[in-house]
1. Under the condition of being in a loop (DSSP other than H, G, I, E, B) and surrounded by 10 or more Cβ atoms within 10 Å (Cβ to Cβ), which residue from segment 4-54 is modelled with the lowest pLDDT?
2. Are there any pairs with C-beta distances below 7 angstrom linking a residue in segment 9-38 that is among the aromatic types (Phe, Trp, Tyr) to a residue that is modelled with pLDDT under 95, with the two at least 6 apart or on different chains, and if so which?
Amino acid sequence: MKTNKNERWSAHFARIGNEAVREAQARNRQLGIPNWYSLNGKLVSDATAAEPITKTTTTRP
């Protein structure tokens with residue numbers, strides 16, 4: 001199947017971006033920093049004992 005130049009260009013940069021994300025995620029895990037994702041509109045973490053995120057409001061004095 002023949003692909004056009006723009007499709008190859010887009011796929012190339014998507015691969016570069018995906019590789020960078022995987023490296024950052026691995027680095028975070030090594031440092032003990034949880035990675036957070038949005039699944040079905042809910043924030044979830046890949047940490048084993050992650051605390052749920054709650055919306056906090058701040059008030060100014």
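The values are calculated or read from the model by the stated rules, or taken from the named source; none is laboratory data. Source: prediction; values computed, not measured. Using ideal geometry, Cβ is built from the backbone for each residue, glycine included, and neighbour counts are taken over all protein chains shown.
1. Among them, the one singled out is ALA50.
2. Cβ pairs passing all conditions: TRP36/LEU43; TRP36/SER45; TYR37/VAL44.
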